[in-house]
1. Check off (1) over 18 Å from Asn43 (Cβ atoms); (2) surrounded by 15 or more Cβ atoms within 10 Å (Cβ to Cβ); (3) not polar (S, T, N, Q) for Val150 and give me the number that stays unchecked.
2. Return yes or no: is His57 surrounded by 16 or more Cβ atoms within 10 Å (Cβ to Cβ), farther than 23 Å from Tyr148 by Cβ, within 15 Å of the ligand (Cβ to nearest atom) and at pLDDT 95 or above?
3. Given the options Glu51, Glu62, name the one that is part of a helix (DSSP H, G or I), of a type outside the set (Lys, Arg) and exposed (fewer than 12 other Cβ atoms within 10 Å of the Cβ).
4. Looking at Leu41, Leu86, Leu116, Leu122, which one is in contact with a helix residue (DSSP H, G or I) (Cβ under 6 Å, 6 or more places away or on another chain), in contact (Cβ under 8 Å) with a residue 40 or more places away in the chain and within 16 Å of the ligand (Cβ to nearest atom)?
5. Given the conditions (1) more than 11 Å from the ligand (Cβ to nearest atom); (2) surrounded by fewer than 20 Cβ atoms within 10 Å (Cβ to Cβ); (3) in a helix (DSSP H, G or I), and given that Phe30 satisfies all but one, which numbered condition is not satisfied?
6. Could you give every pair whose Cβ atoms fall below 8 Å, whose first residue belongs to segment 135-149 and is farther than 17 Å from Glu18 by Cβ, and whose second residue is outside any helix (DSSP H, G or I), counting only separations of at least 6 or pairs across chains?
7. Return the total of residues in segment 74-103 being surrounded by 15 or more Cβ atoms within 10 Å (Cβ to Cβ) and in a helix (DSSP H, G or I).
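The values are calculated or read from the model by the stated rules, or taken from the named source; none is laboratory data. Model, not experiment: these values are computed from the prediction. Positions of Cβ are generated from backbone atoms using ideal geometry, with glycine treated the same way; all protein chains shown enter the neighbour counts.
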Amino acid sequence: MNKKINLDHNLYILNKKEGIYMITEDLNLFLSNLNVFYRKLQNYHWNIIGEDFFNVHSKLEELYDEINKQIDEIAEHILSIGQMPLGTMKDYLNTAQISEASNEKKCSKHIYETILKDYNILIENVTKIKEDADNQNKYSTSALMDEYLVNYEKIVWMITQLLMNKDNNN
Ligand SMILES: [Fe+2]
């Protein structure tokens, strides 16, 4: 009888450990995407051309400043759950789903269409983290993801509205 209890307990510890590794993997994927996205947004901030330069140039700065804060928050959250965040550019480029921008001049339509896709990738990351965290009773991770979901969904909505307007004008 005692043996059975111990076995169940060990299995519980094992599942819990595996759960934490799965959440850490999800968080590191998200962290990698954030890092590549930060560089991409600043690249666009530098290379935007066109009559809406001033608006888009400063909007992109606002967006990458926000992403930069999120990079720090996610890395420190990984540490707070006793795990190790990825910390090199090599790690991020090997892991990320978001691709870098090339060193070329870009118009705002191209930029907004591209970052709309990227924000949707971030929403997928955050949703998966939340689902896995809920399954493992990691409520701090799950609660943190709520803020990100609200933030990204609002940005996606705004960019979608803006592109509709652009399509109508063209
Ligand atoms: Fe700048």
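1. The number of the failed condition is (2).
2. The answer is yes for His57.
3. One residue alone meets the criteria, Glu62.
4. Being in contact with a helix residue (DSSP H, G or I) (Cβ under 6 Å, 6 or more places away or on another chain), in contact (Cβ under 8 Å) with a residue 40 or more places away in the chain and within 16 Å of the ligand (Cβ to nearest atom) holds for just one of Leu41, Leu86, Leu116, Leu122, which is Leu41.
5. (2)
6. The qualifying pairs are Ser140/Ile81.
7. Residues flagged as surrounded by 15 or more Cβ atoms within 10 Å (Cβ to Cβ) and in a helix (DSSP H, G or I) within segment 74-103 amount to 7.
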